[in-house]
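Notes follow the structure.
The values are calculated or read from the model by the stated rules, or taken from the named source; none is laboratory data. Given the structure is predicted, the values throughout are model-derived calculations rather than measurements. Please note: Cβ atoms are built from the backbone with ideal geometry, for glycine as well, and neighbour counts cover all protein chains shown. Just so you know, the surface numbers come from the protein's heavy atoms only, side chains and all, with ligands and any DNA or RNA stripped out. Shrake-Rupley method; radii C 1.70, N 1.55, O 1.52, S 1.80 Å.
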Amino acid sequence: MGVNTKAIKRRIKSVSSTKKITKAMELVAASKMRKAVDTALKTRTYAKLAWDILVDLSKTQKSEIPLLKMRRVKKVLLILITSNRGLCGSFNSNIIKKTAIQMQNPQNLSRQRVAGKDLVTEGKLEVDVLGLGRKGADFAKKMGYNLIASFTDMSDTPGLADVLPICKMAIDGYTNKTYDKVVVAYTDFKSAIAQTPKLRQVLPISEHDLEKMVEKFADHDLKTGKAIIESEKINDYLFEPSRDQVLEIILPRLVESQILQSALESAASEHSSRMMAMRSASDAAVEMIDELNLNFNKARQAAITQEIAEIAGGAAALN
Amino acid sequence: MSKINFKIVTPEKVIYENDQIEQVTAPTTTGEITILPNHTPLVTILNPGELIFKQGEETHNFAVAGGFLEMKENNQLVILADNAEHVDQIDIDRAQQAREKAVAQMSEIKNREDVDYARMQAIIDRESNRIRLGNKYRKLPKSE
């Protein structure tokens, strides 16, 4: 038994303890993911119902609520949702890459998407970044973006209380015309193995983006499409105290629920990509241990064979 | 007799769902209203207060922290509440603490912009409502 086998044995030990850690992290991430997905699904009902009301309201007439008004875009607030911790595969780098591409392409970022015509801005576009999660904030700092705030104390499944300060910043910034557009960069949770980084416009509230969001509910709740068509018939809604006041209450809440939804989707994506990363790490560790075991056995056998040969050689020399 | 399909939803989850409700009393900004089946479509804003709904002989009481109410056609009634809880689940001590904290904070920020002020006031109203309803229904079992 030479030095060689000892070194291999030590490596096997270290790889298997790493495997234990990655396995544990995988299980933890799996349960956190389940919780986040669950909460994300629960929030959809509210967003959908609030949106339904808004659709019903917009049937009657267009109104002059500040949160619905579109302006030429000079300054954008970008809410970048990432994770606080690493070891989650390409989760953070994907969303950061997507954001970086958008930052280099101000034309696209500044466009107001309206059916038929697009409002395009000339001149320079300013972007402020609000980091939600440490990784994104670090990235914004490194790239020299104008980072106005970073929230790094989010829980694993963010609740409304966690995102309220962010919503307030966004809504206030929009109403007092500091920002002409608010965008959320988040990771959309499609399934445990597929997540896509996305940018979604939150303010001004655009039918285009909201409809896309509501479409997602369609798989979850088949009635959506029908409900919108049905509601077109009724125009005799009563509003108390008045239509505009109702809108003023609903719109900020719609924004809040949208931001909450994005945060939850990101949380679910983070945990699932961590789960996948840890699973492949565990698998790689198992493979490595197998190989090391084989090497160890070979080395051990070689040592034994050599010893026997030496003894046999020694005995032959004595005769 | 037709029944109301009733739902309480908060941004975080669906709190309550029942399609056999016969009447709903809600605290709106223009006063308390009671909705019976076949009500005309209505959208209204809710104040913090007590939400009462009846299913047969059974009465349910919820503390609601504001939000809005939508009565649709076909007796679909949805409460989109900022927060809602059954009166039995109210933690009075916690509500009391939260209220005191909010009052203290409010006196500090009095000179700042009025948006903060409105939010703090909303919190105080919400917690006061919790305390009031919590106390109201806590006494019931004792007096029996």
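Tabulated data
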{"item": "Extension gain (nm, one decimal) between A:Lys6 and A:Lys177, 0.36 nm per residue minus Cα-Cα", "result": "54.7 nm"}
{"item": "Three-way shape call for segment B:1-47 based on the alpha-carbon gyration tensor, with the a/c threshold at 1.5", "result": "oblate"}
{"item": "R0 of 45 Å, Cβ-Cβ distance A:Lys168-A:Leu27: FRET efficiency to nearest 0.05", "result": "0.75"}
{"item": "Relative contact order of segment B:4-87, defined on C-alpha pairs under 8 angstrom at six or more residues apart (%)", "result": "31"}
{"item": "Lys, Arg +1 and Asp, Glu -1 on Cβ, resulting dipole of chain B about Cα centre, debye, nearest 20", "result": "280"}
{"item": "Calculated SAXS-style log₁₀ I(q)/I(0) at q = 0.23, 0.24 Å⁻¹ - segment B:4-87, Debye, Cα scatterers", "result": "-1.13, -1.24"}
{"item": "Segment A:Leu41-A:Glu287, extension gain: residue separation times 0.36 nm, minus the distance between their alpha carbons", "result": "84.8 nm"}
{"item": "Scattering curve values for chain B, log₁₀ I(q)/I(0), Debye with Cα scatterers, q = 0.11, 0.14, 0.19, 0.20 Å⁻¹", "result": "-0.45, -0.70, -1.11, -1.19"}
{"item": "Efficiency of FRET between A:Thr152 and B:Asn38 - r from beta-carbon atoms, R0 56 angstrom, step 0.05", "result": "0.60"}
{"item": "Cα-based shape type of segment A:1-55, given that a ≥ b ≥ c are square roots of the gyration tensor eigenvalues and the cut on a/c is 1.5", "result": "prolate"}
{"item": "Förster-model FRET efficiency, 30 Å R0, A:Lys298 and A:Lys190, C-beta, rounded to 0.05", "result": "0.10"}
{"item": "Karplus (6.51, -1.76, 1.60) ³J(HN,Hα), θ = phi - 60°, over segment A:193-198, in Hz, Gly and Pro reported as x", "result": "10, 10, 9, 10, x, 9"}
{"item": "Sulfur and carbon atoms: percent of accessible area, segment B:18-139 [1.4 Å]", "result": "42"}
{"item": "In segment A:158-198, trypsin sites (Lys or Arg not before Pro) in a DSSP loop with at most 16 other beta-carbon atoms within 10 Å", "result": "A:Lys177, A:Lys190"}
{"item": "Loss of accessible area when B meets A, both sides summed, Å² nearest 100, probe 1.4 Å", "result": "2600"}
{"item": "0 to 90° range, to nearest 10: angle between helix B:92-108 axis and chain B longest Cα axis", "result": "50"}
